[in-house]
Amino acid sequence: MALMAHTIQNKKRLLTRIRRIQGQAQALERALEAEHDCAAILQQLAAVRGAVNGMIFEVLEGHVRTHLGEGEAGGQSHETRDADVDLVLSVMRSYMK
């Protein structure tokens, strides 16, 4: 039996996140059209960037855990492989903040 893709398993949550990002982008557009000051624009840009980075990380984490954390990789124990995956994801998470 084939594994269900993690983006399909998390479809509802991912769609909710992308709709929130769309709302933030629309708010940014309205702020630009209303000629808000640069501080407000920068704050909205930071919010959009944070939301996009969060979504990227969620999809990437699912990919790493599904495709790199499965099976017996290189003779490592399940615990060692999980710890290695967690370490990689931790580094990536800190980079994306």
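Just so it is clear, none of the values below were taken in a lab; they were calculated from the coordinates. Source: prediction; values computed, not measured.
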Inset, instruction - Using all C-alpha to C-alpha distances in the chain, build P(r) with 5 Å bins and read off the rounded percent in each one. - result: 2, 12, 17, 15, 16, 12, 9, 7, 5, 3, 2, 0
Legend entry - In order through the range 45-50: 3J(HN,Hα) via Karplus (6.51 cos²θ - 1.76 cosθ + 1.60), integer Hz, x for Gly, Pro: 4, 5, 5, 5, 4, x
Inset, instruction - Treat the range 15-61 as a sphere of radius equal to its Kirkwood radius over Cα pairs and apply Stokes-Einstein at 20 °C in a medium of 1.002 mPa s; give the translational diffusion coefficient in µm²/s, rounded to a whole number. - result: 193 µm²/s
Legend entry - Acute angle (nearest 10 degrees) that the helix 11-33 long axis makes with the longest principal axis of the chain, alpha-carbon atoms: 20 degrees
